[in-house]
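Below: one structure in structure tokens.
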Amino acid sequence: GTTAVQTMTSTALTTATSVSTVYTSNTLTLADGANANVTLTSGTFYRIAGPTMAFSISGLTGGVDGRIVYISNNVAQNLTWTFEATSTAANQITTPTGADMATTARGYSTLIYNGTTSKWELFALAV
């Protein structure tokens, strides 16, 4: 895959220091309609490919306490995050609204895994 690079420069240090974080990019090939227990590899940044009609995700595998994933909806269809349903309990997604939430085509989502509740939390949604 490709890599996305985020660079931060610290001005608090007496010498110029640059810190870079590199995120490995992976493709999530999904189907139209409902997608349950979507397999995540060891990466952090994922681009969605595949759907040509409305689609949803109800759960992601690979949850470990504190794991953060960034998901880019790279298709021309809206993505709905399904609230606590369909997928295996430990793979399910919880949202701030307590209901399904959607991003428009080309939207971005950030999720963090909560080891205490054993759920993915939809942390940020850019539509």
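The values are calculated or read from the model by the stated rules, or taken from the named source; none is laboratory data. Computed from a predicted model, the values in this text were never measured in an experiment. With ligands, DNA and RNA removed, areas are computed over all heavy atoms of the protein, side chains included. Shrake-Rupley method; radii C 1.70, N 1.55, O 1.52, S 1.80 Å.
Return the long-range amide H neighbours of ALA34 (sequence gap of 5 or more, or a different chain), with a cut-off of under 5 Å between placed amide H atoms.
Amide H to amide H, under 5 Å and 5 or more residues apart or across chains, ALA34 pairs with SER56.
Still on this structure, I have one more. Which percent of the accessible heavy-atom area of region 33-115 goes to carbon and sulfur, probe 1.4 angstrom? Could the numbers behind the result be given before it?
On the way: 1940 of 3550 Å².
Here it works out to 55 percent.
For LYS119, which sequence-distant residues (separation of 5 or more, or a different chain) have an amide H within less than 5 Å of its own amide H, given hydrogens modelled in the peptide plane?
Long-range HN contacts for LYS119: ASN114.
For region 24-36, take each phi angle, set θ = phi - 60°, evaluate the Karplus expression 6.51 cos²θ - 1.76 cosθ + 1.60, and give the result in whole Hz per residue in order, putting x for glycine and proline.
So the Karplus estimates, Gly and Pro as x, are 6, 9, 10, 9, 9, 8, 10, 9, 4, x, 7, 10, 10 Hz.
In terms of modelled amide H atoms, which long-range or inter-chain residues lie less than 5 Å from the amide H of MET101?
TRP81, PHE83
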